[in-house]
Structure formats: structure tokens, C-alpha cells
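Working notes, structure below.
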Amino acid sequence: MAGNIEHYKGGRDTEWMKSGLCKTTNTSVDFLPSNAAGVKKARTVCNTPCPVREDCFSYAMNNGMDSGVWGGISKRGRKALRVERIRKPKNG
């Protein structure tokens, strides 16, 4: 797999990564794309549907992943979601 995400593990629980389509499918898709076309290709794999898509997305959001496509969401998409969470008032 191109754009290997192994170096992001950092001791966190990542056992679920072994079940991702990015790992189990013979693909040359880069999950750390440098352009919109690459993001689209990576999202296609994630949206197939991938059995760990939600785990992947949560991992990226909870661990501040600032590059690549995680759970079908690009760097730009995750940033927008983080900003939205900050702006959204908490119900208490």
C-alpha cells in the first residue's frame, strides 16, 4: 500500500487497522495524497464500505491526525469538523 500509515501508531491501540480495506485490499492508492484526485481515490476505498471506517475516523479525530485520508475524511474535512465542534455550544 502506498502512503503507509504505520508510522502514525505511536503505541496507541491500532489493532483495528489490520482489518481496514487499505490493508486487506491489493491497492496502490495513496492514503497520504497530495492532491484532490488522490483524496478522491482514497475515499473510494474507505467508502466501499470499509469495516473499520468509524474506528479509523475516530482515531484520526482523537489523535489529531493532520495529514492523509482517515475513515474517508480528508485533512481539510477533519479540520472543518474540529472547527465546527469548537464553535458548537455544548448542551448541558
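The values are calculated or read from the model by the stated rules, or taken from the named source; none is laboratory data. None of the values given here were measured: they were computed from a predicted structure. A quick note on method: Cβ atoms are made from the backbone with ideal geometry, for glycine too, and the neighbour counts reach across all protein chains shown. What goes into the accessible areas is simple: the full protein's heavy atoms, side chains included, and nothing from ligands, DNA or RNA. Shrake-Rupley method; radii C 1.70, N 1.55, O 1.52, S 1.80 Å.
Considering only region 10-30, state which residues are assigned to a loop (DSSP other than H, G, I, E, B) and either among the aliphatic types (A, V, I, L, M) or in contact with an Asp or Glu (Cβ under 6 Å, 6 or more places away or on another chain) (or both).
29
Could you count how many residues in region 67-92 are under 14 Å from residue 31 (Cβ atoms) and either of a type in the set (Phe, Trp, Tyr) or surrounded by fewer than 12 Cβ atoms within 10 Å (Cβ to Cβ) (or both)?
1
Residues of region 54-65 being touching a residue at least 12 places away in the same chain (Cβ under 8 Å), open to solvent by 30 Å² or more (accessible area, probe 1.4 Å) and either more than 18 Å from residue 82 (Cα to Cα) or not in a helix (DSSP H, G or I) (or both), which ones?
Of everything in region 54-65, just one residue is touching a residue at least 12 places away in the same chain (Cβ under 8 Å), open to solvent by 30 Å² or more (accessible area, probe 1.4 Å) and either more than 18 Å from residue 82 (Cα to Cα) or not in a helix (DSSP H, G or I) (or both), namely 63.
What do you reckon, is residue 33 under 14 Å from the mean Cα position of the chain (by Cα), outside any helix (DSSP H, G or I), surrounded by fewer than 16 Cβ atoms within 10 Å (Cβ to Cβ) and modelled with pLDDT of 85 or more?
Judged against the criteria, residue 33 is not a match.
Restricting to region 10-22, and then to whatever is open to solvent by less than 90 Å² (accessible area, probe 1.4 Å) and over 13 Å from the mean Cα position of the chain (by Cα), can you tell me which residue is modelled with the highest pLDDT?
Going through the qualifying residues, I end up with 19.
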